[in-house]
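The structure appears right after this line, and notes come after that.
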Amino acid sequence: MDKPKILATHPLFDLARWILEAHLDVDYWQDAAQIPRRELLARVRDKQGLICLLTEQVNIELLDAAPKLRIVANVAVGYDNIDVAACTRRGVVATNTPGVLDETTADFAWTLMMAVARRLVEGDQFVRTGQWKGWALDQLCGTDVWGKTLGIVGLGRIGRAMARRAAGFGMQVLYTDRSRAPESVERDLHAEYRDLNALLAESDFVSLHVPLTAETRELISTPQLARMKPTAFLINAARGPIVDEAALVSALERGKIAGAALDVYEQEPFIHPGLRRPNVVLAPHLGSASLETRTKMACMAAENVVALFSGQRPPNALNPDVLQKE
Ligand code: NAP
């Protein structure tokens with residue numbers, strides 16, 4: 001019997017390829033550049049499975065172009081690039097990669113926070129450009145992180161990993177979420193619930209860890225930034241459109257907040273010119289980018305696809321209703 005045909009929009013890693021190729025006939029997009037939309041729509045036409053990245057929009061147009069499609073496996077935990085409801089209507093299973101990237105992404109959000117507070121990027125530039133002429137008492141003084149108040153917006157898997165890190169820095173942890181965490185979780189993490197406005201007003205560092213949804217789009221805009229302390233920093237390693245970038249630039253220009261550290265942007269890879277400031281750290285969407293974690297994510301996506309075509313339930317189905325209907 002012919003193996004099911006799969007399109008992978010990236011060559012993936014060897015481990016993931018081994019998982020896939022034992023069971024499936026896989027067409028990999030090999031270029032370093034992202035697959036052009038027209039090419040994606042053409043290549044997916046005869047495929048039963050798609051392994052995609054967050055840079056690919058899986059919408060009605062793509063589903064229309066792929067009449068045989070049964071599964072879309074996103075190599076990411078966030079799935080704002082996938083119209084899950086449309087997939088469900090077409091009987092297409094959608095999967096993501098939760099859990100395997102929590103610590104790596106929290107490490108990176110923490111790195112951003114430390115970098116902006118302690119002016120690491122400015123210091124690096126200072127040294128590289130030959131401006132450093134020796135130690136000085138008041139040179140590039142930043143802000144302490146230890147002992148300060150961390151406000152976590154979204155106490156899910158990654159938000160909780162941030163709270164665990166805060167314990168080692170003697171920080172007070174506040175969190176907000178659409179639902180309050182169980183008492184045992186609050187106790188273990190020493191995390192106190194606040195509504196968003198109170199969290200913004202009390203925190204020295206506000207770190208975003210909600211998914212991008214209709215409710216969280218521009219969750220942080222002018223009124224929210226106005227509530228933050230002028231000494232506070234905004235960290236975003238979640239998704240760009242959660243922050244209204246024009247409002248952030250205006251708040252930075254007017255000194256309404258002390259700085260920002262960003263891994264994600266409204267229209268990647270476009271960077272709002274107003275963000276190119278010394279008190280803003282800019283990273284190119286690296287949150288989960290360790291070789292170990294990206295390999296695990298690719299393997300997880302592969303395992304979901306293999307499960308479906310082996311007659312099992314994909315472990316990370318976002319729309320398990322589709323499986324019940326089968
Ligand atoms: P998660 O475990 O689902 O946590 C998200 C938390 O946000 C949950 O507690 C959720 O509540 C809460 N939430 C959802 N909508 C909300 C709203 N409207 N208002 C307040 N809280 C809300 O997800 P995760 O694995 O921690 O990942 C979080 C996000 O990080 C992902 O969706 C992804 O976009 C982003 N991310 C970015 C990178 C990167 O490379 N920079 C890497 C990994 C992840 P419920 O439990 O009630 O849903």
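The values are calculated or read from the model by the stated rules, or taken from the named source; none is laboratory data. These numbers come from a predicted model, not from an experiment. All Cβ positions, glycine included, derive from the backbone under ideal geometry; neighbour counts span all protein chains shown. Calculation scope for accessible area: heavy atoms of the full protein, side chains included, ligands and nucleic acids excluded. Shrake-Rupley method; radii C 1.70, N 1.55, O 1.52, S 1.80 Å.
Given axes a ≥ b ≥ c from the Cα gyration tensor, I'd like to know whether the range 175-232 is rounded (a/c under 1.5), prolate (a/b larger than b/c) or oblate. Note, shape of the range 175-232 comes out oblate. Across the range 229-234, computed HN-Hα scalar couplings (Karplus, 6.51 cos²θ - 1.76 cosθ + 1.60, θ = phi - 60°) run 5, x, 9, 8, 10, 10 Hz from first to last residue, x flagging Gly and Pro.
3J(HN,Hα) along the range 181-192: 6, x, 3, 5, 5, 4, 5, 4, 8, 6, 10, 10 Hz, from the Karplus curve 6.51 cos²θ - 1.76 cosθ + 1.60 with θ = phi - 60°, whole Hz, x for Gly and Pro. Taking amide H positions as modeled 1.01 Å from N, with prolines and chain starts lacking one, the residues under 5 Å from residue 281 and 5 or more places away or on another chain are 260, 261, 262. Exposed loop sites here are chymotrypsin sites (Phe, Trp or Tyr not before Pro) in DSSP loop states with at most 11 other C-beta atoms within 10 Å. What is the longest stretch of the chain lacking them? Counting only loop sites that pass the neighbour cut-off, the longest clear stretch is 147-326. Where only DSSP H runs of four or more residues are counted, the chain gives -10000 deg cm²/dmol as its mean residue ellipticity at 222 nm, each run worth -39500 (n - 2.57). Qualifying GluC sites (Glu not before Pro) in the range 203-247, where qualification requires a DSSP coil assignment and no more than 11 other C-beta atoms within 10 Å, comprise 215. Note on the chain: with charges restricted to the Cβ of Lys and Arg (+1) and Asp and Glu (-1), its dipole about the Cα centre is near 100 debye. Solvent-accessible area of the chain (1.4 angstrom probe, protein heavy atoms only): carbon and sulfur portion equals 53 percent.
Projecting the Cα atoms of 11, 101, 59 onto the charge dipole of the range 1-142, computed from C-beta unit charges around the Cα centre, puts 59 farthest toward the positive end.
Extending 7 Å from Cα along the Cβ direction at residue 254 and again at residue 13 yields two label points whose distance is 4.5 nm.
Checking the a/c ratio against 1.5 first, then a/b against b/c, what shape does the Cα gyration tensor give for the range 185-299? Judged from the Cα gyration tensor, the range 185-299 comes out oblate (a/c at least 1.5, b/c at or above a/b). Across the chain the C-alpha pair distances fall into 10 Å bins from zero in the proportions 6, 24, 29, 22, 14, 4, 1, 0 percent.
Between residue 271 and residue 179, the simple label model (points 7 Å from Cα in the Cβ direction) yields a spacing of 3.9 nm. Extent of the range 50-196 along its three principal axes (Cα atoms, max minus min coordinate, largest first): 67, 47, 24 Å.
Of interest is the spacing of the C-alpha centroids, which for the range 145-161 and the range 1-64 amounts to 36 Å.
When the P(r) is computed for the range 233-277, the part past 16 Å accounts for 25% of the Cα-Cα pairs.
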